[in-house]
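Shown next, in structure tokens, is the structure this report addresses.
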Amino acid sequence: MDTTEPPTFPIVDLSIARAGADERRQLADSLSTICHEVGFFIIKNHRVDTNLIAKTFDYSRQFFELPAAQKALIDKKNSPHFRGWEAVGSEFTNNRPDIREQIDLWSEHPLTSTLQPHYLKLLGPNQWLPDDLLPGFRACVSAYVTEMKAIGDLLLELLASGLGLPQHYFDSYFGTERMSLTKLINYPETPAGQFGVNAHHDTGFLTILNPGGTPGLEIETADGSWLPVPVIADTFIVNLGEMLQAVTGNYYLATPHRVTTNQKRLSIGYFHGPSLQTPINRLPLTDRYTDIVNKSDRHKKAGFMAPIAETESGVGDMQGKLHASTYGDQLWNYFCRSYPDNVRQFYPDLMN
């Protein structure tokens, strides 16, 4: 682990994962400590082609510069699988609108006739623009997603080893028909008193973010202050989601974070996820991890994103209880919390 730039934010060199077994073991242990203490880190030497990254950002910029009528061809309001484009203010975090425009692209799945469990309704195809409007867009973004998946798999191998589990534990745990999310995000300048995205935890396992060249992301530290995340060329920012917090019994933390920017900002987030039917069960960890959590008020009291009913009754935004038994339940709760109008439109009888 290299923490020389800056000293307050951990930077992980992924080239060590491709070195010898002893070096990889040390990296896994260091990464596990970071995920216990911080829940956020920067990765370098990731081997993703810089030309692919630049091309993906250029396509993202081109899309967001299209006329609204063309972007609306893939409006999320038309998708029962909650995929596509949305205008600024469409997503809600902690009952407050996020000041960002974005495209949500989930793992592609064919339509299914399965009705139960209800969250299997999330499986389906993405919405894509006609290729003549933005030739090559789909192929480029798909290639980028493939690279992010490979990084996500590598990080989970390291995290498994750092927890004393077999290296490929999560590969089996994640099952088939996996559901990962890619967000192309366009932030306008944040109005006073608002946020590009309000303070929150991520829903899933882990997030790999390319923030572009513009700062704006902040994380909440252990003392409650907010720390700007540095923008460093040719790196990605990684953070953990609530699923990893839950299955490790709060040993790993989903760190609160938010975005505010005084200028236009493009970013691309990839959210690495398992099968919708993956259970949120405690991993087979030794008692050592439970003992460490029990000795830390911060870890014992780490909560989860609260549903609307809880926040309206006075529960803190990220101090709710876990209301999911599977990853699919977790995602369904996220959609009910963040896109209540979309859920009411397609599934009025399933609104939480």
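Bear in mind that the values in this text are calculations on the coordinates, not laboratory data. Model, not experiment: these values are computed from the prediction. Cβ sites come from the backbone with ideal geometry, for glycine too, and all protein chains shown count toward neighbours.
Assorted remarks:
- Cross-link table 71/264; 183/321; 55/121; 183/301; 44/149, entries beyond 23 Å C-alpha to C-alpha: 183/321; 55/121; 183/301
- Gain on full stretching of the segment that runs from residue 52 to residue 118 - 0.36 nm per residue minus C-alpha separation: 20.1 nm
- The range 257-321-the range 95-172 distance, computed between alpha-carbon centres (Å): 19
- 10 Å Cβ shell holding at most 16 others, DSSP loop, GluC sites (Glu not before Pro): longest site-free stretch of the chain: 190-352
- Span-like helix criteria (full DSSP H runs; alpha carbon extent of at least 18 Å along the helix axis; mean Kyte-Doolittle hydropathy of at least 0.0) are satisfied in the chain by 137-162.
- Packing rank of 198-205, 26-33, where each peptide gets the mean count of other beta carbons within 10 Å, highest leading: 198-205, 26-33
- Computed over the range 218-341: relative contact order in percent, which uses C-alpha pairs under 8 Å that are six or more apart: 22
- For the range 77-206, average projected area of the Cα convex hull in nm²: 10.5
- Taking other C-beta atoms within 10 Å as the exposure proxy, 183, 321 rank 321, 183 from fewest upward.
- Contact order, relative form, for the chain: 19 percent (alpha carbon pairs under 8 Å, 6 or more residues apart, mean separation divided by residue count).
- Mean separation of Cα contacts under 8 Å, 6 or more apart, over the residue count of the range 1-124: relative contact order %: 14
- Label-point gap, in nm, between residue 139 and residue 171 - each point 7 angstrom along Cα→Cβ: 3.0
- Here, P(r) means the percent of Cα pairs in each 10 Å bin from 0 to the largest distance; for the chain it is 5, 25, 36, 26, 7, 0.
- Simple spin-label estimate for residue 25 and residue 300 in nanometres, 7 Å along Cα-Cβ: 3.4
- Tensor-based shape of the range 3-126 (alpha-carbon gyration tensor, a/c under 1.5 rounded, otherwise prolate or oblate): prolate
- Loop-resident trypsin sites (Lys or Arg not before Pro) (DSSP state other than H, G, I, E or B) in the range 240-291 with no more than 15 further Cβ atoms inside 10 Å of their Cβ: 264, 282.
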